Amino acid sequence: MDIRPVIIIGTGPAGLTAALYTARAMMKPIVMEGHEPGGQLTLTTEVDNFPGFPEGVLGPELMANMKKQAARFGAEYMPVKATDVDFSKRPYKVTTEKGDVFHAHSIIISTGASAKWMGLPKEKELSGRGVSTCATCDGFFYRNKIVHVVGGGDTAMEDATFLTKFATKVYIVHRRDTLRASKPMQERAMKNPKIEFVWDSEVVEILDDQAGVVGIKVKNLKTNAVTERKTDGLFYGIGHTPNTGFLKGQINLDEHGFIKTVNGPETNIPGVFACGDVQDSYYRQAITAAGSGCQAAIKAERWLENEGLAH
Ligand code: NDP
């Protein structure tokens, strides 16, 4: 049996930083790239808050560079998606969608999280033409436009506040009459003169023409009245789903499905570490993901040493 020191699953900033550190530590990582190599940053344009780039950097370019950097030290990329794991015995086993099986002494999970969609007709085909799950990525295109944001949590408040930099008016459509968002974020949104709330309401239909979104139909959940609202953009700020479905009972998850970690990247399984958004619903930044990828790599290296498994 070919047993590798480490398999890294997922290649956003967390996974690629873990790849860089483990490769430089001569751990010959196998890096499973999944269906969205580069992760959420490949869906963005300009990234202005990753340190080291005074003029900003394009998300896809940043990820391509991270990938190249780890490859220089021997990271072995595989364009495969992990669909199953067995952490019940060592060495640990990872099975891909093609049915190929890989074994490793340690595993680093960095599969990230995906923005939630509402499931409305046409929403996916209108993505990039008025429907967006990423205000920081797409806000720029809504200069002097009217936009609606769905959600009542911190993401919706933050997105709405951010969008006021560009849009003339931002409406927050929330299905209840109280917000889930933290007090300071609520207050910031409520104080903003460009933001208005549409309470107890749900978007039930997206209206479009050839160019994209032109409006939405909104149902008041108390009166059941449906009204049409003009909008140029519809932003979903309704949370993220961690990509942990393939772990199926093999590791401890929290009530939202994020991997539970302690002391940085440690999971409840010895030698299995998690980093990036798959275990972080709070910071969710490229730089924090990269930092936790570094932590996971260092912990994996030390764990292998302590177990007498270092080459
Ligand atoms: P949350 O789960 O906190 O909020 C999701 C919101 O979307 C809720 O108000 C929910 O309504 C609503 N919602 C969910 N599904 C639907 C749906 N299908 N249709 C309509 N509305 C829907 O997710 P967030 O992404 O806002 O936050 C996740 C975590 O990240 C939190 O811990 C948050 O504090 C943190 N965060 C922190 C930030 C910061 O500090 N800067 C920024 C962003 C996030 P309801 O309330 O009725 O359930």
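The values are calculated or read from the model by the stated rules, or taken from the named source; none is laboratory data. As the structure is a prediction and not an experimental result, all values here were calculated from the model. Here the Cβ positions follow ideal geometry from the backbone for every residue, glycine too, while neighbour counts run over all protein chains shown. To get the accessible areas, we keep the full protein, side chains included, count just its heavy atoms, and leave off ligands, DNA and RNA. Shrake-Rupley method; radii C 1.70, N 1.55, O 1.52, S 1.80 Å.
If amide hydrogens are placed 1.01 Å from N in the peptide plane, which non-local residues have theirs closer than 5 Å to the one on Asn268?
Those qualifying (amide H under 5 Å, at least 5 residues apart or on another chain) are Asn252.
Tell me the carbon and sulfur percent of the accessible area for the chain, rounded to whole percent, probe radius 1.4 Å.
It is 51 percent, rounded to a whole number.
Note the full-extension length gain between Glu255 and Thr227 as 0.36 nm times their separation in residues minus their Cα-Cα distance, in nm to one decimal.
6.6 nm
Just order 110-119, 85-94, 300-309 by mean Cβ neighbour count inside 10 Å, highest at the front, would you?
For the peptides 110-119, 85-94, 300-309, the packing ranking is 110-119, 85-94, 300-309.
Could you tell me the calculated FRET efficiency between Phe141 and Gln69, based on Cβ-Cβ distance and R0 = 30 angstrom, to the nearest 0.05?
0.45
Remind me, what semi-axes does the chain give for its equivalent ellipsoid, largest first in whole Å, using sqrt of 5 times each Cα gyration tensor eigenvalue?
Its equivalent ellipsoid spans semi-axes of 40, 20, 17 Å.
Please work out the average accessible area per residue across the chain, using the 1.4 Å probe convention, and give it in Å².
Here the residues of the chain average 50 Å² of exposed surface.
Could you list, in their original order, any pairs among Lys98/Lys260; Lys145/Lys194; Lys194/Lys230; Lys28/Lys93; Lys28/Lys299 whose Cα atoms are separated by more than 19 Å?
Lys98/Lys260
Under 1.5 on a/c is rounded, so check that first for the stretch 168-292, then, if it is not, pick prolate when a/b is larger than b/c and oblate when it is not; a ≥ b ≥ c are the square roots of the alpha carbon gyration tensor eigenvalues.
In terms of gyration-tensor shape, prolate.
For Leu58 and Gln285, compute 0.36 nm times the residue count separating them, minus their Cα-Cα distance, and round to one decimal in nm.
80.2 nm
What is the gain in length, in nm to one decimal, between Asp84 and Arg176 on full extension, counting 0.36 nm per residue of separation less the C-alpha to C-alpha distance?
Length difference between fully extended and current span is 29.3 nm.
Can you run phi through the Karplus equation (6.51, -1.76, 1.60; θ = phi - 60°) for the stretch 120-135 and list ³J(HN,Hα) in whole Hz, with x for Gly and Pro?
For the stretch 120-135, the Karplus-derived couplings read 7, x, 6, 4, 6, 5, 8, 5, x, 10, x, 9, 9, 10, 9, 5 Hz, x marking Gly and Pro.
Rounded if a/c is under 1.5, else prolate if a/b beats b/c, else oblate: with a ≥ b ≥ c from the C-alpha gyration tensor eigenvalues square-rooted, which is the stretch 117-236?
oblate
Return the tail of the calculated pair distribution for the stretch 14-149, meaning the percent of Cα-Cα pairs more than 21 Å apart.
When all Cα pairs of the stretch 14-149 are counted, 55 percent exceed 21 Å.
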